[in-house]
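These notes are about the structure you will find just below.
Every read-out reported here was derived from the displayed coordinates using simple, explicitly stated rules and does not represent laboratory data. Please read these numbers as outputs of a predicted model, since none were measured by experiment. Virtual Cβ from ideal backbone geometry, glycine too; neighbours counted across all protein chains shown.
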Amino acid sequence: PWLPWACGLGFAGALGYGLLAGFEVPVQRACVMLGLVLIWRLRFRHLGVWLPFLLALNGVLIIEPLASLMPGFWLSFAAVAVLIFTFSGRLGPWDWHVAWARPQAMIALGLFPMLWILGLPISLSGPLANLVAVPWISLLVLPTALLGTLLLPVPWLGETLLWVSGGLLDGLIRGLTLLAGYFSPWLPVTVPLAVWLLSAFGALLLMLPAGVILRPLGWPLVLLAVFSPREQIPRGQVEVWQLDVGQGLAIVLRTRNHAVLYDAGPKVRDFDQGERVVVPVLRSLGIARLDLMLISHAHADHAGGALAVQQEVGALRVIGGELPGLAEPLRAQPCTSGESWEWDGVKFSLWQWSGASDSNQRSCVMQVEAGGERLLLTGDIDARAERALLQTSLGVPTRWLQAPHHGSRTSSSVDLLKALAPRVVLISRGHGNSFGHPHPQVLARYQGLGVQILDSAEQGALRFRLGTFGKAESLRDQPRFWRD
C-alpha cells in the first residue's frame, strides 16, 4: 500500500524541483523518464534501459517540438545515451575511483563528435572539471541550498545554510578558474571531416567493454582530433566573418597567425551578444586570444559585447574610437589616424576624423588589404565623415565595404560609393529594427551602382577570404524550414 504514495511523492518532488530549475530540456527529460519508470514500477514491470530513454525523447518533443533545434536537447539526450550504452549490462562492482571517474570520461569521449556536428568548441579541461563539479554540486551545494530554502521559516538556520551553499559554490568557481588556467581550454572544431569520423569511431570503441579486442585501437583514433594539423590560412590572405549579432556589428579577421575583432556586438539589458555569439565563434575558430580588439565607438550596439569578449577570450591590445567611454573598462588605447602595420602579408590601416562632433563621426575606420583586394570597415560614420575620409589614403577603390551606420539615410553618400566603387556591401542589422536600417534610398543607391548587397538579417553570418577575389558564403543560402 505504500508504493503508490512513494511513487506519487517522488514524482511530485521531481516536478517541484523542475519548476524551481526552470524546466529546461534536461529537466524535462529527467521528469519524463522518472514518470515512466514509476508508472511501470506501479505495475510491477521492468522497463529495461532503452525504452524509458526513447519514450522520454518522444515525450520532450511532444511537449516542445522546437527543442530539436536546441543544442542542449541533443547534448542532454546524447549524454544519457552514452551512459546507457557504456554501463548497461555490466556485471560486478567497480572500485569507487573507477565509478567516480569513468562516467565523466565516457561522456567526454561520447559527446565530442556531437559537439563537432553542432559546431561547438570542445573543452579539454571539461572532463577534469566535471570530476570535481558534479559531486560537489550534487552532494554539497544543491542539498544545502534546498535545505536552506525549506528552513527559511527559521531565519537564522535557513540563511546560514544558504550562506554555506553560496560559499561552496564560490569556492568551486574559483577552483575551476584555476584549473582552466593550467590547460588549453578549447579544442577548435576546424579539422577535416574524415578525421572527426575516425575519432568518433574511436570514441565508440573506447565505450565498449574491456574484453573487446579492438577497444585499444580507440585511443589513437581519438587522439587524431587533438593532434591533427589545422587548416592554415595562406600568407597574404584574411578569413573574414561578419557575425549575425542583430542590430549591431561584429567582424572577425583571421590571418595566418593573428586574429582581430572589429566591434563586439550589442548588449541589450541582460542579453549580451558578445557572450552569446562572439565568444563561442572565437572559440570554435580556435582563437585562444585576440591580437587586437578594435571598438569603433562607444555605442552599445558596437561596444556592448566587448567586456564579455575581453573577460572570456582577451585581447593583447584594445583600440577604441571613443575615449574615455572605453578606456576604463577595456583599457583601450586611442585610435590613431595614419597608423598601419602588416601581419602575415596583410596590411591594416586606421583612420579617425579629427573634426568629429558626435559619437558616430568618431568611429575608428579600418582598411584591410590582402593580395590587392581591400575591405573597408567604417563603423557608424556619416556623410560628413565620409567626405573627410575621401581626402585620405583610404579613399581608394575597395571591393568590400561594410555599410556605414548599418545603411542609414545619413551615410553611404553618392560621393563615397563612386570613389570607392565597391563590388559588395556588407550590412549588419537586426530584422525589423526600429531604426529602419537600411534605408530604402540607400538600398536604391547601392542597386543603382550595381553593388551586391549582403544583409545579415537576410543571409545571417557571412564568411569570405580576402585576397582571393572569391565570393562570400552564408549558411542561410542553404534552405532550412525553420529559417523561412
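Of note:
- Charge tally in the Cβ shell below 9 Å around Arg399, where Lys, Arg are +1 and Asp, Glu are -1, Arg399 excluded: +1
- The chain - mean residue ellipticity at 222 nm from DSSP helices (-39,500 (n - 2.57) per run, n ≥ 4, rounded to 500): -13500 deg cm²/dmol
- For the chain: rounded, prolate or oblate by the Cα gyration tensor [a/c cutoff 1.5]: prolate
- Taken as Cα centroids, the stretch 221-286 and the stretch 386-455 sit 24 Å apart, rounded to the nearest whole angstrom.
- With the convex hull drawn around the C-alpha atoms of the stretch 238-483, the volume per residue stands at 123 Å³.
- Backbone HN-Hα couplings from phi across the stretch 294-311 [Karplus 6.51/-1.76/1.60, Hz, Gly and Pro as x]: 10, 9, 4, 7, 8, 5, 5, 6, 10, 9, x, x, 5, 5, 5, 5, 5, 6
- Neighbour-count order for Asp170, Asp263, Asp291, fewest beta carbons within 10 angstrom listed first: Asp170, Asp291, Asp263
- Mean separation of Cα contacts under 8 Å, 6 or more apart, over the residue count of the stretch 2-205: relative contact order %: 17
- Anisotropy class of the stretch 248-303 from Cα gyration tensor, a/c 1.5 cut: oblate
- Net charge, Val240 excluded, C-beta distance under 9 Å - Lys, Arg +1, Asp, Glu -1: +2
- Extension reserve of the Thr149-Glu328 stretch, reckoned as 0.36 nm per residue once the Cα distance is removed: 60.5 nm
- The Cys residues in the chain with no partner Cys Cβ within less than 4.7 Å of their Cβ are Cys7, Cys31.
- Among 102-108, 392-398, the peptide with the highest mean count of other Cβ atoms within 10 Å heads the list, and the full ranking is 102-108, 392-398.
- Cα-only Debye scattering, the stretch 353-454: base-10 log of I(q)/I(0) at q = 0.13 Å⁻¹: -0.41
- Dimensions in Å of the stretch 293-386 - Rg and Dmax from alpha carbons: 13.3, 38
- Contact order for the chain, expressed relative to its length and based on alpha carbon pairs under 8 Å spaced 6+ residues apart, stands at 9 percent.
- Note on the stretch 295-436: antiparallel DSSP beta bridges, both residues inside, total approximately 65 percent of the bridges counted.
- A simple spin-label model places the labels of Leu69 and Arg463 2.2 nm from each other, with each point 7 Å out along Cα-to-Cβ.
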